[in-house]
1. Take the stretch 128-150 and flag every residue that is crowded, with 16+ Cβ neighbours inside 10 Å and assigned to a loop (DSSP other than H, G, I, E, B).
2. Give the stretch 157-184 a look and list any residue that's on the phi < 0 side of the Ramachandran plot, assigned to a loop (DSSP other than H, G, I, E, B) and not hydrophobic (A, V, I, L, M, F, W, C), or say none.
3. Within the stretch 85-109, which residues are small (Gly, Ala, Ser) and over 14 Å from residue 143 (Cβ atoms)?
4. Only one of these is touching a helix residue (DSSP H, G or I) at 6+ places or on another chain (Cβ under 8 Å) and at pLDDT below 95: 194, 201, 172, 159. Name it.
5. Could you list all residues from the stretch 185-195 that are assigned to a loop (DSSP other than H, G, I, E, B) and either among the β-branched types (Val, Ile, Thr) or free of Cβ contacts under 8 Å to residues at least 12 places away in the same chain (or both)?
6. Residue 220 fails exactly one of the following numbered conditions: (1) surrounded by 15 or more Cβ atoms within 10 Å (Cβ to Cβ); (2) hydrophobic (A, V, I, L, M, F, W, C); (3) more than 30 Å from residue 47 (Cβ to Cβ). What is the number of that condition?
7. If you go through the stretch 169-200, how many residues are open to solvent by less than 10 Å² (accessible area, probe 1.4 Å), within 18 Å of residue 108 (Cα to Cα) and more than 15 Å from the chain's Cα centre (by Cα)?
8. Name every residue in the stretch 56-71 that is in a helix (DSSP H, G or I) and either buried (at least 17 other Cβ atoms within 10 Å of the Cβ) or charged (D, E, K, R) (or both), in order of residue number.
Amino acid sequence: MALKEILEFVPPAQRQAAEDFILRFGQVYKNMMLSRYNALNGLAKAQQVVLLGDSITEEFPAHEMLPDIVLYNRGISGNDTYDVLNRLEQHIYPLQPGKLFLLIGVNDLAKYPNDTPQMVSLRIEEILDKLAANLPKCKLHLISVYPVNKSGDAKIDQLMLSLSDNQRVVELNRYLRQLAQRKNLPYLDIHPQLLNAEGELDLVYTREGLHLTVEGYQVVVQALRPYLSSVE
């Protein structure tokens, strides 16, 4: 549910308290997901596919949309590059994946407005370097950051997207493409496939301007398929 949809149920005088509660709940939720993945890792098989990222990855209904692929979703809502760096040893290394798809960075651009896209890309490079060093047999894949939609459409959550910026997303993706080329990694440039004519995330593909609808994830699946089925 979008932040604006939650706040619609809260009287105006209590909205600041509600926003503060939602922020605190976000940390509680992160801790819950950390514990969940710790438990699930004990059931996982090595050399499978791992999806690593934030809420856009966590919400990806990959098990239903890719039922023929054994994969483990390790996305956590609200995660940024610092969060991913801090949980690699706990959540990713034990899985010993055969392939890993990394999608991260959009939260950094919103949460750290003083960080340039290049600075964010350097942290993503650090993630990839740590993965390569600790999982030398794993085939790493880097996914472009998806666009956002900040139009005046009624379904857009302007509060949640207040610090988001498509220009910074495009700049970050430029660095990520260069990073993938330097590291000789597959770069899945899904960003253009999600755009509308105005250069924003197409309304059909999003439920509130950031997260994807099932239609949006169908675009993602089509982009992922060749890399999931190939030997590389």
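The values are calculated or read from the model by the stated rules, or taken from the named source; none is laboratory data. Note that the structure is predicted; figures quoted are calculated from it, not measured. Neighbour counts are summed over all protein chains in view; Cβ atoms, including those assigned to glycine, are modelled from backbone coordinates with ideal geometry. Remember, those area values only see protein heavy atoms, side chains included, never the ligands or the DNA or RNA. Shrake-Rupley method; radii C 1.70, N 1.55, O 1.52, S 1.80 Å.
1. Selection gives 135, 138, 144, 145, 146, 147, 148, 149, 150.
2. 157, 158, 162, 164, 165
3. 98
4. From the options 194, 201, 172, 159, the qualifying one is 159.
5. 190
6. (3)
7. 1
8. 56, 57, 58, 62, 64 - these are the residues of the stretch 56-71 that are in a helix (DSSP H, G or I) and either buried (at least 17 other Cβ atoms within 10 Å of the Cβ) or charged (D, E, K, R) (or both).
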